[in-house]
Amino acid sequence: MKKEEIMKNVSTTFSKVSVKLKKHSPEILVVAGVVGTVASAVMACHATTKLDSILMPFINVLKMRNWRRSILRTTQRKI
């Protein structure tokens, strides 16, 4: 008898929860969407702050190339 009562209680509880989830599913999905959007914006901003340290060596190389090109251009004009 105990096993049957437990199974009945579990089944009833699961059924009630299922009905409530179906009833409130639009609100749940909207909240999940908003949370996901905010989380992705925060992660993007956090990644942007790390971008300077990653790009700095490449920026320095590009500056050196542009500096060399400008020197070559000025020396070619003088000749």
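Please treat every number below as a calculation from the coordinates, not as lab data. In this text, all values refer to a predicted model and were calculated from it rather than measured experimentally. Because the Cβ atoms are built from the backbone with ideal geometry, glycine has one as well, and the counts that use them run over all protein chains shown.
Key figures
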read-out	value
Dipole in debye (nearest 20) - the chain, about Cα centre, beta carbon charges: Lys, Arg +1; Asp, Glu -1	680
Förster-model FRET efficiency, 25 Å R0, C45 and K20, C-beta, rounded to 0.05	0.10
Residues of region 1-24 with amide N under 20 Å of the 7 Å Cα→Cβ point at V31	14-24
Within the chain, helix-based [θ] at 222 nm, where runs of 4 or more DSSP H residues each add -39,500 (n - 2.57), nearest 500	-35500 deg cm²/dmol
The chain - convex hull of the alpha-carbon atoms, volume per residue in Å³	151
Nearest 10 degrees, 0 to 90: helix 2-23 Cα axis against the chain principal axis	50
